[in-house]
Amino acid sequence: MTWTTVRVRPGAGAPRDAVLAAMFAAGVGGVQEDGDAFVTQVDAAFNMQTLITGVERAAPGTPVDTAPLADVDWTEAWKRGVTAHTVGALTVTPPWLAAGRDPATTIVIEPQMAFGTGEHATTRGVLTLLQAVLRPGDRVADLGAGSAVLSIGAVKLGAARAAAIEMDPDAIANAEANVAANGVAGRVTVVLGDAAVLLPLVAPVDLVLANIISSVITLLLPVIGAALAPGGRAIFSGIMASERVPMRAVLQNAGWRVTAELEEEDWWSVAAARA
C-alpha cells in the first residue's frame, strides 16, 4: 500500500486546535507534533482535498505539504534490530542469524511476545552466572520462563532436565517452538501455570532460575527454598541495580547467602545458596 506523509503548518496566531480538529474531521487517524507542524500519514484511499479544504476553513493560508512515504519492509527492518549475543560459551541468536553456528552452544530463539531473546541484560546476566553455577546433571526449574531461553541454555550446559514454568498462556507456544528448534524437547518441559503452585510439584530440583521482578522473587523465596535438594542453588535476576542492597538484605534474612553477582546496565543478577 502506498502511503503519503502530510505536514500541516499553522502560522503564528493560527487556531491550532481548530486546525487539528479539521484534520481529524477529514479522517486522519493520528497526528504527531513536529515543531510547529502537525504530521500524519495517510494511504492512497484518503481524500486529500477534504483535508486541504477543512484546514483552509479553519485557518486560511495554512500550508499543507505532502511527500511520498518511503516503502519500508517493516519485518526486515525489525529483524535488523535483533542481533546475536554471545554470553560466555553460549550464543543466543534469532533463526536468521543461526547458520554456521555450533548447535551445542547456540540457543536459537524466535523473537515473539515471550520475554527472553538475549537482547535484555537480565537474560544475559542469568546465562553468565549459570555457566559458573550449573553442575552437570542438575535438575533445573526456570520460573517465569518466557521464551524458555534459560531452560534451553541450562540443558545445553549439561543440566539433566529443566522445567520451564510460565504463567502467561501467550508465551507457551513460542517456548515450545524454541525447545523443539533447539533439539532439547526430551530434556526441557514447558509448563503453564503459577510457579508457587507448580514448583513444589517438580521438586526436588538442584537449581532454580528466576528472572522475574524483585517483589515476586521475595514472595517466592520460601517456595524456592523448600523445592531445593541438599546443596541446591538459585539464580535471581530482573532486579534493578538500585535494589541491590535491600535485596541482599532480603536474601540474608530469608536464609540465603550470595555466592556471585554481577551488574549490567541498570540490572543486578545474583547467585545464591541456602545458608
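The values are calculated or read from the model by the stated rules, or taken from the named source; none is laboratory data. Here the structure is a predicted model, which means the values were calculated and not measured. Cβ coordinates were reconstructed from backbone atoms using ideal geometry, including for glycine residues, and neighbour counts include every protein chain displayed.
For segment 79-107, enumerate the residues that are over 19 Å from VAL126 (Cα atoms) and without any contact (Cβ under 8 Å) to a residue 60 or more places away in the chain. Listed by number, the residues that qualify are LYS79, ARG80, GLY81, VAL82, TRP96, LEU97, ALA98, ALA99, GLY100, ARG101, ASP102. Residue check: VAL250 meets all listed conditions (1) of a type in the set (Val, Ile, Thr); (2) at pLDDT 95 or above; (3) under 22 Å from the mean Cα position of the chain (by Cα) but one, namely (3). Filtering segment 214-228 to residues that are farther than 15 Å from ASP194 by Cβ, touching a strand residue (DSSP E or B) at 6+ places or on another chain (Cβ under 8 Å) and hydrophobic (A, V, I, L, M, F, W, C) leaves LEU221, LEU228.
Is it the case that segment 153-165 has a residue that's within 21 Å of VAL216 (Cα to Cα), free of Cβ contacts under 8 Å to residues at least 60 places away in the same chain and either assigned to a loop (DSSP other than H, G, I, E, B) or of a type in the set (Lys, Arg) (or both)? No: zero hits.
Quick check on ALA173: is it among the aliphatic types (A, V, I, L, M), out of contact with any Asp or Glu (no Cβ under 8 Å at 6 or more places or on another chain) and surrounded by fewer than 24 Cβ atoms within 10 Å (Cβ to Cβ)? So ALA173 passes the test.
One residue stands out in segment 228-247 among those that are within 18 Å of GLY125 (Cα to Cα) and not in a strand (DSSP E or B): the one that is nearest to the chain's Cα centre (by Cα), namely ALA241. If I filter segment 3-24 for residues that are among the aromatic types (Phe, Trp, Tyr) and within 34 Å of the chain's Cα centre (by Cα), do I get at least one hit? Yes - at least one qualifying residue is present in segment 3-24. Of the residues ALA260, ALA234, ALA254, ALA226, the single one that is buried (at least 21 other Cβ atoms within 10 Å of the Cβ), touching a helix residue (DSSP H, G or I) at 6+ places or on another chain (Cβ under 9 Å) and small (Gly, Ala, Ser) is ALA234.
Yes or no, residue by residue, for (1) among the aliphatic types (A, V, I, L, M); (2) farther than 25 Å from ILE107 by Cβ:
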position: VAL179; (1), (2): yes, no
position: VAL188; (1), (2): yes, no
position: GLY193; (1), (2): no, no
position: VAL197; (1), (2): yes, yes
position: PRO200; (1), (2): no, yes
position: LEU221; (1), (2): yes, yes
position: GLY231; (1), (2): no, yes
position: GLU265; (1), (2): no, no
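Within segment 123-138, the set of residues being basic (Lys, Arg) and surrounded by fewer than 21 Cβ atoms within 10 Å (Cβ to Cβ) comprises just one member, ARG135.
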